[in-house]
Amino acid sequence: MRTGFPDFRLGNVLATSFTGTLSERHGDAVERIPTPHRLVDWLAVNGLAVDSCTTAQLELARELRESIHAAATAAALQDALPASAVQVINDFSAQGRAAAILTPEGKRRWRLSSASCVEDALSVIAADAISIIAGERDGKLALCASPTCQAAFFDTSQSRTRKWCDMNTCGNRQKKARFNANQRKNPRSAE
């Protein structure tokens, strides 16, 4: 991992983890893939290793990321999916060369060939987005309750009532803010 960049916020769902590479969208936005090399790092961490990435490929990745975010947000709100976002996701999904493989543990993983490029990895992410937005997986799309984040995430909790995209960041931040507000209202309750 390259130092000097914000940590990745990794989740269990590839597509929503990818949209999380831009966080705090409604506050002080944090770009977690600011350079082509950083996209290579993110792809490697997520089992989609590629050798290199150009600035143009990084821009393609960001276009896909924003399209997935727009479509996932609309799905979470039960709004109509934006046609332009759907087109971008479909185009990326159709252009890639990747194979689904079965692991000994019975899990599906994606395998890129040694000749694969960023576009092939992006097609896997687009295919993952299609499966969650289309409702093919057990869970539901939701939006983070943090007013500065509002990231789309895939809730696989048993009750499907998760509030935050990541309890360790947004959830803790919101709980701490609520605690501090209560302390200001009732200063003697801390004694």
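The values are calculated or read from the model by the stated rules, or taken from the named source; none is laboratory data. Because the structure is predicted, anything quoted here is derived from the model rather than measured. Cβ placement follows ideal geometry from the backbone for every residue including glycine, while neighbour counts extend to all protein chains displayed. For the accessible areas, the whole protein counts, side chains as well, though only heavy atoms, and no ligand, DNA or RNA atoms are used. Shrake-Rupley method; radii C 1.70, N 1.55, O 1.52, S 1.80 Å.
Okay, here's what the table says:
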item	result
Given (1) surrounded by 11 or more Cβ atoms within 10 Å (Cβ to Cβ); (2) acidic (D, E); (3) farther than 22 Å from V45 by Cβ; (4) more than 14 Å from the chain's Cα centre (by Cα), number of the condition D155 does not satisfy	(4)
Tabulated pairs, region 84-98, first without any contact (Cβ under 8 Å) to a residue 60 or more places away in the chain, second outside any helix (DSSP H, G or I) and surrounded by 14 or more Cβ atoms within 10 Å (Cβ to Cβ), C-beta under 6 angstrom, 6+ apart or interchain	A98/W110; A98/L112
Enumeration of residues in region 24-70 that are in contact (Cβ under 8 Å) with a residue 60 or more places away in the chain, among the acidic types (D, E) and open to solvent by less than 30 Å² (accessible area, probe 1.4 Å)	E24
Residue match in region 4-15 (condition: surrounded by 19 or more Cβ atoms within 10 Å (Cβ to Cβ) and either among the acidic types (D, E) or assigned to a helix (DSSP H, G or I) (or both))	yes
Residue within region 22-34 that is touching a helix residue (DSSP H, G or I) at 6+ places or on another chain (Cβ under 6 Å) and closer than 29 Å to S157 by Cα present	yes
Matching option when the condition is of a type in the set (V, I, T), in contact with a helix residue (DSSP H, G or I) (Cβ under 6 Å, 6 or more places away or on another chain) and farther than 26 Å from D155 by Cβ, among V50, V88, V40	V50
